[in-house]
Amino acid sequence: MTIRPATEADGPDISRLLAHSYGELYRGWYPDAVLKHALPVMTRANPDLIASGTFHAAFVDGALAGCGGWSRKRYDGSSEEGLAHLRHFGVDPDHLRRGIGRALFERCRAEAAAAGFTALESLSSLPAEAFYLSLGFRTAGPTHIELPDATRFAGKLMRAAIG
């Protein structure tokens, strides 16, 4: 596996990976009506996040197998001193449980620590809560993301100390 900062050219492949990953993994966790509205919004690669240099792509045998990054601000633009935010993590369902998500997390954790952050936050989907718990996060409580059409996408607010 190789991990490198994602580039603009990776955008279409990242969108495809997220659509495949979230489409498979969220089924059964969320009502079909919610997924119908949420997936088209949530699976688009974020050009600003990619351009930040803190969003990464993981490749196995030359093919995109996972992605994820971090930012100084939350998805809504707010920030908190010392708190970095994990963003847009996804792993191809054919590559689950092979350490790709953990390797992406470790890259993000190390970069955030080097940039002076002392804690991480993630707005986790319901099925990803166990993944974040396995990385040492704690569940701070339920949350949701309000989508442009007012659909509420349920999740968990996860937090972890760096170090």
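So here's what we get for this one:
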{"read-out": "Size descriptor, Kirkwood hydrodynamic radius, that averages inverse alpha-carbon separations across the stretch 1-57, Å", "value": "12.2 Å"}
{"read-out": "With at most 16 other Cβ atoms within 10 Å, longest stretch of the chain clear of loop chymotrypsin sites (Phe, Trp or Tyr not before Pro) (DSSP)", "value": "76-163"}
{"read-out": "Listed residues 113, 57, 33, most fluctuating in the chain (Gaussian network, C-alpha, under 10 Å)", "value": "33"}
{"read-out": "Separation of alpha-carbon centers, the stretch 142-163 and the stretch 1-56, rounded to whole Å", "value": "16 Å"}
{"read-out": "The stretch 92-136 - Rg (one decimal) and Dmax (whole number), Cα, Å", "value": "11.6, 35"}
{"read-out": "Net charge contributed by nearby residues that have their C-beta within less than 13 Å of residue 57 (K/R +1, D/E -1)", "value": "-1"}
{"read-out": "Calculated [θ] (222 nm, deg cm²/dmol) that DSSP helices of n ≥ 4 give over the chain, each run adding -39,500 (n - 2.57)", "value": "-9500 deg cm²/dmol"}
{"read-out": "Gaussian network model of the chain, springs between alpha carbon atoms under 10 Å - residue of 95, 85, 20 with greatest fluctuation", "value": "95"}
{"read-out": "Cα-based Rg of the stretch 2-161 normalised by 2.2 N^0.38 Å, two decimals", "value": "0.97"}
{"read-out": "Sites matching GluC sites (Glu not before Pro) across the stretch 58-163 that sit in DSSP coil, with at most 11 neighbouring C-beta atoms within 10 Å", "value": "81"}
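Only the coordinates and a few stated rules stand behind these numbers; no lab work does. Bear in mind the structure is a predicted one, so any value in this text is a computation, not a measurement. Please note: Cβ atoms are built from the backbone with ideal geometry, for glycine as well, and neighbour counts cover all protein chains shown.
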